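The values are calculated or read from the model by the stated rules, or taken from the named source; none is laboratory data. If you're wondering where the values come from, they're calculated on a predicted model, not measured in any experiment. Note that each Cβ is placed from the backbone with ideal geometry, even for glycine, and that neighbours are counted across all protein chains shown. With ligands, DNA and RNA removed, areas are computed over all heavy atoms of the protein, side chains included. Shrake-Rupley method; radii C 1.70, N 1.55, O 1.52, S 1.80 Å.
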Amino acid sequence: MKISHYLFVAAAGASLTLSLAPFDWWWIAIIAMAALAASMNTVSAKQGFMLSWCFGSASFATGVSWVFVAMHDFGETPAVLAVPMTAIFCIGLGLVPALFGYGYCRWVRDGVAGKTLGFAAMWVLSEWLRSWALTGFPWLYLGYGHLHTAMAGWSPVIGVYGLSFWVALSGAALAHCITAKSSTKRQGYATLAGCIALFGLGYSLQQHEWTTADTKPPLRIGAVQSNISQERKWAYDQYWATLEQYDLASEKLWADSDLVIWPEAAIPALYHNVTSYFDYIAERAAANNSALITGVPTKLDENMYNSVMVISGGEGIYNKQRLVPFGEYVPLAHYIRGLIKFFDLPMSSFSRGGPDQGHLQVKGWQLAPSICYEIVYPDLIARSARDADVLFTISNDAWFGRSIGPDQHMQMAQMRALENGRELIRVTSTGITALVDHRGNIRTRIPSFTATNLKGLVHARSGTTPFTRYGSTPIILLCAALVLYARFKRYSKPA
């Protein structure tokens, strides 16, 4: 196979990023998947593995280039090391699409069913695999590009994996219409027409209200965006300035906020070391009949946790379950700590929180909490959303710098609001800090990289969407069944 073939597929993979935030050219993903499907029409399983590896690695190289920013700008890793480490990360992630390519060419690609339904189903299974294998990295899913298209109407039913299925199926059908023999093109056109029909039906589904507005009065939210850079956050000489900054910023919010929120790890110290400060803040909040929630590291016995807790006006503490490798824990720490500064970042020895933690309770409201990276896990948030009034997430996106990372992170948070039919509060240290309605639209937002406050209202909602109730299980089981169908039910001749 010519090298130009691999370069073509790599270019298609690299273009996937343009379908997601902040670009949102959603149609590019369909073209990219069509290019991948067409390239694997007749190749061997080994060649399919290599082509998909190129496709996946290139998509991560453009889509998660912010890994370099985290390593180099904030992890103080020299560029001569950060560049190859980022490349290894992207190439390693590319192995998951590579497995898709091998499995598709080896077992599924046969007839129209295999080249359309089988292709799309295998791709979704590879995305799902990426959500849990090696702690998971559920980034750059195809479906996120449809947060604001007609397909968004399907999100509360089938979730982001279902949207990814539609994108992959549309691309595979388009490829079949272009490359197949005349005798089977009709079936490809029929599949493409079906995809268009589903897109149109999405407009109708957008008008359906899966959840209903609650009778509770809206909650007045005040959020502090400190804009403290990552290099200053853990500096000892900035400690007292940080405490003062949050105190003064909150002073402007207490009087007209039911709930004031500080971002992830707002105070750079363990909670038990700053209890006197929090007692003082709690008094200020109580004097104004306000509540306070903050992110703060905590310690229990010998375990440290990345936590969010109610300081005043309610109760509850949540310990982060999904930790970021190298940022919050170091794999094989015994062997690699000390090699470079990136492996010795502050607060990189957290333990995982338990799976059955409750909501945060504030002024009679049930808030479904998540911290930073956790908001990108669809099923984790769906489980938490049940019986919750509103979704709630805090983050420290300073690690992304001024890359496309914050926009991608925000887009995924918006998708969680849409999937679950719940409004969402998102508070970060540098942005994007925003309030999102139950349809995934940003209702209130403050500028990024600015020390300022957000004020706004959130509304409780009751009821559940199909996705909240069942999660990704139906679409994953459907994809598994379609793979088996495409493998064993050959209802048409190979194209």
List the number of the failed condition for Ala193; all other conditions in (1) among the aliphatic types (A, V, I, L, M); (2) closer than 25 Å to Ala14 by Cβ; (3) assigned to a helix (DSSP H, G or I) hold.
-> (2)
Does region 396-410 include one or more residues that are within 14 Å of Ile371 (Cα to Cα) and open to solvent by 10 Å² or more (accessible area, probe 1.4 Å)?
-> yes
Just one of Thr465, Thr444 is without any contact (Cβ under 8 Å) to a residue 24 or more places away in the chain, hydroxyl-bearing (Ser, Thr, Tyr) and farther than 15 Å from Val260 by Cα; which is it?
-> Thr444
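Having 3 or more residues that are within 21 Å of Leu117 (Cα to Cα) and at pLDDT 95 or above is the bar; report the helices (runs of 4 or more DSSP H) wholly within region 1-100 that clear it.
Details: elements: 3-15, 27-39, 45-63, 66-69, 79-93.
The helices (runs of 4 or more DSSP H) meeting that bar are 3-15, 27-39, 45-63.
Can you confirm whether Leu253 is of a type in the set (A, V, I, L, M, F, W, C) and either in contact with a His (Cβ under 6 Å, 6 or more places away or on another chain) or open to solvent by 20 Å² or more (accessible area, probe 1.4 Å) (or both)? Full working, then the answer.
On the way: of a type in the set (A, V, I, L, M, F, W, C): yes; either in contact with a His (Cβ under 6 Å, 6 or more places away or on another chain) or open to solvent by 20 Å² or more (accessible area, probe 1.4 Å) (or both): no.
The answer is no for Leu253.
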Check whether at least one residue in region 139-152 is in a helix (DSSP H, G or I), surrounded by fewer than 24 Cβ atoms within 10 Å (Cβ to Cβ) and not charged (D, E, K, R), and report yes or no.
-> yes
Could you look through region 153-186, keep only residues that are free of Cβ contacts under 8 Å to residues at least 40 places away in the same chain and over 14 Å from Ile476 (Cα atoms), and pick out the one that is surrounded by the most Cβ atoms within 10 Å (Cβ to Cβ)?
-> Cys177
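So which residues in region 104-135 are of a type in the set (Phe, Trp, Tyr) and either open to solvent by less than 10 Å² (accessible area, probe 1.4 Å) or modelled with pLDDT under 95 (or both), if there are any at all? Explain how you work it out, then say what you get.
We begin by selecting, within region 104-135, every residue of a type in the set (Phe, Trp, Tyr); these are 104, 107, 119, 123, 128, 132.
Correct list: Tyr104, Trp107, Phe119, Trp132.
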Flagged in region 372-395 as open to solvent by 20 Å² or more (accessible area, probe 1.4 Å) and more than 13 Å from the chain's Cα centre (by Cα), in numbering order, are Arg383, Ser384, Arg386, Asp387
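Which of the residues that make up region 464-480 are assigned to a loop (DSSP other than H, G, I, E, B) and either touching a Cys at 6+ places or on another chain (Cβ under 8 Å) or of a type in the set (S, T, N, Q) (or both)?
First, the residues of region 464-480 that are assigned to a loop (DSSP other than H, G, I, E, B): 464-465, 471-472.
Once the filter is applied, which keeps residues that are assigned to a loop (DSSP other than H, G, I, E, B) and either touching a Cys at 6+ places or on another chain (Cβ under 8 Å) or of a type in the set (S, T, N, Q) (or both), region 464-480 yields Thr464, Thr465, Ser472.
A quick yes/no check of all residues on (1) open to solvent by less than 10 Å² (accessible area, probe 1.4 Å); (2) over 27 Å from Ala120 (Cβ atoms):
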| position | (1), (2) |
| --- | --- |
| Asn420 | yes, no |
| Val427 | yes, yes |
| Arg439 | no, no |
| Arg443 | no, yes |
| Thr468 | yes, no |
| Thr473 | no, no |
| Cys479 | yes, no |
| Val483 | no, no |
